Every structure is written in structure tokens, then in C-alpha cells.
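Throughout, read-outs are computed from the coordinates displayed, never taken from laboratory work. Note that the coordinates shown come from a computational prediction; the quantities given were computed from them, not determined experimentally. Neighbour counts run over all protein chains shown; Cβ positions are idealised from the backbone, glycine included.
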Amino acid sequence: MLIKWTEDLSVGHETLNQEHQKWIAILNDFYQGLADGSSKEKLTGLIKGLLDYAKVHFSNEEEYMRSIHFPGLERHQQEHGEFIEKATEFYEKFSTGKMLLSIEVTNFIKNWISNHIKAEDKQYARHAGL
Ligand SMILES: [Fe+2]
Ligand SMILES: [Fe+2]
């Protein structure tokens, strides 16, 4: 397992915590696939799953931030956009054989998720008084 959801990643919102947990589970599956030397098809599917779930989660999270009139929404959305851009690039380069997926890629995603939740997601939690 690459990363474990622990209380320090909590944003105090049940649904959004569950989404973060699911996203982390998908990342762990991807990491496991990489560690197991899974086929390119399987890894392509796993990284696509990670990307697709990020889109679902970001959209739900942005809707929540809008509902609580979170003032940092725009900046937060920009951060989400940058991640989608980067992850899409990984997915496209890997699926077209232009890049190998490595531990560095996995670590980038892992660090991004954990830093983002701690530094950015927790800000809307604070704003909402969660
Ligand atoms: Fe976020
Ligand atoms: Fe989030």
C-alpha cells in the first residue's frame, strides 16, 4: 500500500472524506498494478480510473465549495485543473507509449493528493466550520 487514509487527512465532511478514501484506494490499486508488473492495458485502465475519479471528486467538491460560498473557490479550481492536466498528460503519454509509468509518477500523484487535501481541502473545511 502506497498511502493510507488517516485522520490527519479528514476534512470533517463524511461524503468528501469517503471520496478521498476511494480516490486513495484507486491510487493504491494503481501502485499495486505497477509493483506487480501488470500489462500495459491493465495499467492504462488503472491510470484512467484514477483520472476519471479525480474528475468526479473535483466536481463534487467544487459544488460543495460553491454551496458554502467558499471565497477560495477559484484558486482551488485552478489547482484541480492543474492536476487534471498533469494526470491527463501521464495517461496520454503512457497509453501512446511515449512514457513509462514509474515510481516517480506514482509519488507525484501520492504527494499531490496528500498535500492538496492537507493544504487546500482543509481550507473549505475551516471556512464551513467543520
Ligand atoms: Fe480539492
Ligand atoms: Fe478533495
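Per-structure values
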item: Whole-angstrom gap from the stretch 25-86 to the stretch 102-130, using each part's C-alpha centre; result: 11 Å
item: Potential extension, ASP36-LYS98 segment - 0.36 nm per residue separation minus Cα distance; result: 20.2 nm
item: Two-decimal Rg to Rh for the chain - Kirkwood Rh, Cα set; result: 0.99
item: Ratio of Rg to Rh over the stretch 1-43 (Cα coordinates, Kirkwood Rh, two decimals); result: 1.11
item: Helix axis angle, 73-95 relative to the chain longest principal axis, alpha carbon, degrees; result: 10 degrees
item: Crossing angle, helix 103-116 versus the chain [Cα axis fit, 0-90 degrees, rounded to tens]; result: 10 degrees
item: Ordering of 69-76, 23-30, 108-115, 85-92 by packing [mean C-beta count within 10 Å, highest first]; result: 23-30, 108-115, 85-92, 69-76
item: CD proxy at 222 nm, helix term only [per DSSP H run n ≥ 4: -39500 (n - 2.57); per residue of the chain; nearest 500]; result: -24500 deg cm²/dmol
item: Nearest 10 degrees, 0 to 90: helix 14-35 Cα axis against the chain principal axis; result: 20 degrees
item: Fully extended contour minus Cα-Cα distance, from PHE108 to ARG126, at 0.36 nm per residue; result: 3.9 nm
item: Cα→Cβ-extended label distance, 7 Å offset, between LYS118 and ASN60, nm; result: 2.4 nm
item: Dipole magnitude of the chain about its Cα centre (Cβ charges: Lys, Arg +1; Asp, Glu -1), debye to nearest 20; result: 240 debye
item: Amide N proximity, the stretch 99-113 versus LYS86 label position 7 Å along Cα-to-Cβ, cut-off under 14 Å; result: 104-113
